[in-house]
Amino acid sequence: MPLLLGRRAALKDAVPKKDDVRHPSVVFTIDHPDRPNVKTVVIEEPPRKRTIRVRHNFYAGPYTEYYVWKPFSYLLFRGEVTGKTLLAGLFFANERLESLDQEGVCAAPIPNVDYGRDHGIGICLWVNGKNFGDDVETAAVKCHEYFWTSDFNTAVSFYEDGRPKEICSTSGWLTSMEKWQKLTAEGKAVTWIPIRARDTKQPVKTLRDAWNWLSREKDFNYR
């Protein structure tokens, strides 16, 4: 059983650089019993609008910026206590999650977030192994900011699992993002939905479920 260290205060350097300012917070830190030098830090960001810049191709070429309203988001950052990045995953929730065992975890169906379609579960950071800070919590906050302000791309296969029907599209990522942006402009909410772990086929309902799923993945499954 992982050791839960409890909700934590927001860090001073956790200020987004884009759009309206909302402070992401370190809310949970989980020890890995069999890996004393590794922790998973959970970063919570409240609902807000985000600019998501999506390249149409993998490495370069044209891109489109989408301005969308996202719900509560939870980034699970696995790293060494020295700040080295090992793996990260992202999930949404329609309301704030007060514990690891509160149900309400949903998929975050956006580019660069894989739920096992192409590799294993994880965020395509391209910087796994990087030290974002001198300790795991600082590194988690800076990784969170790096993720949201980076260019996204369409390399991860478009998937329908965990995707609300309002933003589903047979045409792929760009059309899905267009639908999401249109709903945002119209002030209409999206009801985010859960996803099943692809290895066990079990629903991922809580942050503990998400942590267990992420823990089954090897380090650096995305480089």
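The values are calculated or read from the model by the stated rules, or taken from the named source; none is laboratory data. In this text, all values refer to a predicted model and were calculated from it rather than measured experimentally. As a convention, Cβ positions derive from the backbone with ideal geometry for all residues, glycine included, and neighbour counts pool all protein chains shown.
For region 120-167, enumerate the residues that are closer than 22 Å to Trp192 by Cα, touching a strand residue (DSSP E or B) at 6+ places or on another chain (Cβ under 6 Å) and not hydrophobic (A, V, I, L, M, F, W, C).
Gly122, His144, Asn153, Asp161, Gly162, listed by residue number.
If you check Thr82 against the conditions, is it touching a helix residue (DSSP H, G or I) at 6+ places or on another chain (Cβ under 9 Å), more than 25 Å from Val136 (Cα to Cα) and either in a strand (DSSP E or B) or in contact (Cβ under 8 Å) with a residue 12 or more places away in the chain (or both)?
no
Only one of these is within 16 Å of the chain's Cα centre (by Cα) and buried (at least 16 other Cβ atoms within 10 Å of the Cβ): Thr184, Thr206. Name it.
Values: Thr184 fails: within 16 Å of the chain's Cα centre (by Cα).
Sole residue among the options that is within 16 Å of the chain's Cα centre (by Cα) and buried (at least 16 other Cβ atoms within 10 Å of the Cβ): Thr206.
Among the residues of region 201-223, what is the count of those that are within 17 Å of His119 (Cβ to Cβ), in a loop (DSSP other than H, G, I, E, B) and hydroxyl-bearing (Ser, Thr, Tyr)?
Number satisfying all stated conditions: 1.
Can you tell me which residue in region 85-132 is farthest from the chain's Cα centre (by Cα), limited to those that are among the small types (Gly, Ala, Ser) and over 23 Å from Phe220 (Cα atoms)?
Restricting to residues being among the small types (Gly, Ala, Ser) and over 23 Å from Phe220 (Cα atoms), the top hit is Ser99.
Taking the criterion of being in a loop (DSSP other than H, G, I, E, B) and surrounded by 18 or more Cβ atoms within 10 Å (Cβ to Cβ), would at least one residue in region 140-152 satisfy it?
no
Here's a check for you: in region 199-212, which residue that is touching an Asp or Glu at 6+ places or on another chain (Cβ under 8 Å) and farther than 15 Å from Ala108 by Cα is modelled with the highest pLDDT?
Only one residue fits best here, namely Arg208.
Among the residues of region 173-194, are any part of a loop (DSSP other than H, G, I, E, B), in contact (Cβ under 8 Å) with a residue 24 or more places away in the chain, among the β-branched types (Val, Ile, Thr) and over 20 Å from Arg117 (Cα atoms)?
Yes, the conditions are met somewhere in region 173-194.
Anything in region 185-223 that is closer than 25 Å to Arg50 by Cβ and of a type in the set (A, V, I, L, M)? List them, or say none.
Ala185, Ala189, Val190, Ile193, Ile195, Val204, Leu207, Ala210, Leu214
Every residue in region 121-152 that is in contact (Cβ under 8 Å) with a residue 60 or more places away in the chain and in contact with a helix residue (DSSP H, G or I) (Cβ under 9 Å, 6 or more places away or on another chain), please.
Ile121, Gly122, Ile123, Leu125, Phe152
In region 98-113, what residues are surrounded by 22 or more Cβ atoms within 10 Å (Cβ to Cβ) and either more than 15 Å from Ile195 (Cβ to Cβ) or charged (D, E, K, R) (or both)?
Pro111, Asn112
Can you find, within region 58-70, the residue that is nearest to Leu174 (Cα to Cα) among those that are at pLDDT 95 or above and among the hydrophobic types (A, V, I, L, M, F, W, C)?
Our first condition is that a residue be at pLDDT 95 or above; within region 58-70, this holds for 64-70.
If we keep only those that are among the hydrophobic types (A, V, I, L, M, F, W, C) as well, we get 68-69.
Details: Val68: 13, Trp69: 16 Å.
Going through the qualifying residues, I end up with Val68.
Condition (residue is surrounded by 21 or more Cβ atoms within 10 Å (Cβ to Cβ), over 30 Å from Ser169 (Cβ atoms) and modelled with pLDDT of 95 or more) applied to region 71-85: is it met by at least one residue?
yes
Residues in region 40-62: is at least one among the small types (Gly, Ala, Ser) and part of a strand (DSSP E or B)?
Checking region 40-62: not a single residue is among the small types (Gly, Ala, Ser) and part of a strand (DSSP E or B).
Working only within region 64-95, note down all residues that are more than 19 Å from Thr40 (Cα to Cα) and in contact with a Phe, Trp or Tyr (Cβ under 8 Å, 6 or more places away or on another chain). Please lay out each step first, then the result.
Step one: filter region 64-95 for residues more than 19 Å from Thr40 (Cα to Cα), giving 64-71, 94-95.
If the condition is that a residue be more than 19 Å from Thr40 (Cα to Cα) and in contact with a Phe, Trp or Tyr (Cβ under 8 Å, 6 or more places away or on another chain), then Tyr66, Val68, Lys70, Pro71, Asn94, Glu95 are the ones that fit.
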